[in-house]
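Note sheet for the following structure.
Where a number appears in this text, it was derived from the coordinates with a stated rule and is not lab data. Quick caveat: nothing in here was measured; it's all calculated off a predicted structure. Because the Cβ atoms are built from the backbone with ideal geometry, glycine has one as well, and the counts that use them run over all protein chains shown.
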Amino acid sequence: MKLCLFIFLVINFAFIAMGKPSECSPWERESIEWCDIWISHANETNLPRVLLIGDSITRAYYPAVEKHLAGTAYVGRLSSSAFISDPVLLEQIKMVLTQYKFDVIHFNNGMHGWQHSEKEYEQALPECLKTIRKYAPNAKLIWANTTPLKVSPPLSPDNKARATDQRIAERNAIAAKFMQTQGVPVEDLNTPMQNHPEYHSDNVHFNDDGISIQADLVAVDIKKLLQQQ
């Protein structure tokens, strides 16, 4: 009950903060912002606990990952549309990590916030990682890169605030370089999805075949980290 109330208060804080972004913050938000937190086996402690942090792509492969890890670990998710520089994302992470101890955290951010530059993306990565390490100091971490589009528009001034595969590649390169300096392994979910339009359900999301491939990769790498506990 306390956790539910806490989630209610924080999410309400997020929507209050989203009221007039141009007046209350230097960052821009999307027309709709959302957050989906799911903690399974909330009162059980006999298995390790894993957290997936990401967006709707993460939310889609979460059930299959949980199935892969059944009997090995309890898997929760924090899916959010918040861009990595948005303080609300850090509040969401803090909220979940202060309520439960996680042994492995698999995290990604990169498919939202196209109104923000890649420079802003680069500048925000350290604070995100710092927040995770502060509230989950003993967790083993793995970063997942961002998946490609089914059809990418050419990068031009007309779509500078839209997703393109070029911008996704730039963000992935920035994150990979930073995570390497921090000793955080990077899971490549982008390459297996490239040039496979048959894996997509729309331009951003994936169908059952694409989701299954991603979930298999995620589960295998998480199992490896759990074995190091």
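Numbers at a glance
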quantity	calculated
Additional length obtainable on full extension of the chain from Gln166 to Asn138, 0.36 nm per residue less Cα span	6.6 nm
Dipole moment magnitude, nearest 20 debye, the chain about Cα centre, only Lys, Arg, Asp, Glu C-beta charged	740 debye
Sorted by Cβ density within 10 Å, fewest first, the residues Met111, Met179	Met179, Met111
Distance between modelled label sites at Ser201 and Gln229, nm, 7 Å Cα→Cβ extension	3.0 nm
Shape category assigned to the range 133-221 from the gyration tensor of Cα positions, a/c cut at 1.5	oblate
Prolate/oblate/rounded call for the chain, Cα gyration tensor, a/c under 1.5 rounded	oblate
Lys pairs under 21 Å by Cα in the chain, provided they are eight or more residues apart or on distinct chains	23
The chain - share of DSSP beta bridges that are antiparallel (%, nearest 5)	25 percent
